[in-house]
Amino acid sequence: MALINLAAREINYKIVYYGCGLCGKTTNIQYVHKRVNPAAKGRLVSIATEEERTLYFDFLPLSLGDVKGLRTRFHIYTVPGQSFYNASRKLVLQGVDGVVFVVDSQVSRLDENVDSYLNLWDNLMCQGEDLSKLGVVIQMNKRDLGDIFSVADLDELVNHTYSPVVEACALTGEGVFETLKTVCKQVIAKSN
Ligand SMILES: Nc1nc2c(ncn2[C@@H]2O[C@H](COP(=O)(O)OP(=O)(O)O)[C@@H](O)[C@H]2O)c(=O)[nH]1
Ligand SMILES: [Mg+2]
């Protein structure tokens with residue numbers, strides 16, 4: 001749920017990049033953080049688990065304007081993708097307003113994508129949340145690789161909320177800002 005800081009005249013939203021291990025969550029966040037206006041962003045913080053890291057930063061996008069006279073501040077998180085880090089994922093999902101579900105488009109990663117999608121639904125349900133009530137974007141990542149599913153096939157598998165879909169190659173940054181902008185708009189629209 002969005003947090004309002006009246007003293008700072010800001011409304012705070014939490015966005016979580018979710019998806020299986022190695023789908024490209026960290027690559028997305030690092031790309032965005034590198035290119036956001038330095039005056040408008042916080043430090044990129046890395047919370048280390050044993051092998052994987054949860055990344056976090058916040059920023060004030062100037063282009064999205066105000067919400068009822070409040071500036072919007074977005075807090076961006078990734079989760080560890082590997083299955084045994086579910087406790088960390090649950091923690092990161094607390095108070096979430098928007099989700100970018102990053103899909104690894106490779107045929108060989110089918111099971112991992114579906115498992116992660118189901119795990120997202122499960123973890124939200126444990127918190128009394130529901131994906132269809134949040135701002136959601138499905139990012140079809142790794143579109144540059146050879147053996148990949150069509151967007152239509154992946155959409156059927158992991159887009160039960162009929163959310164906007166963005167094709168991406170996070171490695172080069174293609175689609176990365178479009179994804180972020182779309183989820184920010186979705187989150188603002190849902191919170192109104
Ligand atoms: N070819 C290709 N590789 C990618 C793309 N996005 C990420 N990768 C690579 O996939 C690997 C895992 O990415 P990472 O961001 O660490 O995944 P995470 O586990 O979801 O955080 C890294 O070697 C990235 O360079 C992409 O769009 N295309
Ligand atoms: Mg990562």
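Please treat every number below as a calculation from the coordinates, not as lab data. It should be emphasised that the depicted structure is a prediction, and the values quoted were computed from it without experimental measurement. In this analysis, Cβ positions are derived from the backbone assuming ideal geometry, glycine residues included, and neighbour counts consider all displayed protein chains.
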Charged-residue dipole, Cβ positions (Lys, Arg, Asp, Glu), the chain about Cα centre, Debye nearest 20:
1100
Please arrange Cys23, Cys169, Cys126 by counting, for each residue, the other beta carbons lying within 10 Å of its beta carbon, fewest first.
Cys126, Cys169, Cys23
Starting from 0.36 nm per residue, how many nanometres of slack lie between Arg53 and Ala152 once their C-alpha separation is accounted for?
32.5 nm
Kirkwood hydrodynamic radius (Cα pairs, Å) of segment 1-98?
14.2
Residue order, fewest to most beta carbons within 10 Å, for Ile76, Ile29:
Ile29, Ile76
Once a ≥ b ≥ c are taken as the square roots of the eigenvalues of the Cα gyration tensor of segment 67-178, is the result rounded (a/c under 1.5), prolate (a/b larger than b/c) or oblate (a/b not larger than b/c)?
oblate
³J(HN,Hα) computed for each position of segment 6-11 - Karplus, 6.51 cos²θ - 1.76 cosθ + 1.60, integer Hz, glycine/proline x:
5, 4, 8, 6, 10, 10
CD proxy, 222 nm, the chain: helix-only mean residue ellipticity via -39,500 (n - 2.57) per DSSP H run with n ≥ 4, per residue, nearest 500, stands at -9500 deg cm²/dmol
For the chain, what are the per-bin percents of Cα-Cα distances with bins 5 Å wide, up to the bin holding the maximum?
1, 8, 18, 21, 22, 16, 9, 4, 1, 0, 0
Could you name the lysines whose alpha carbon sits less than 20 Å from that of Lys185, not counting residues in the same chain fewer than 8 places away?
Lys14, Lys25, Lys41, Lys68, Lys133
Of the DSSP beta bridges with both residues in the chain, give the percent that are antiparallel, rounding to the nearest 5.
40
Sort Phe74, Phe149 so that the residue with the fewest other Cβ atoms within 10 Å of its own Cβ comes first and the one with the most comes last.
Phe149, Phe74
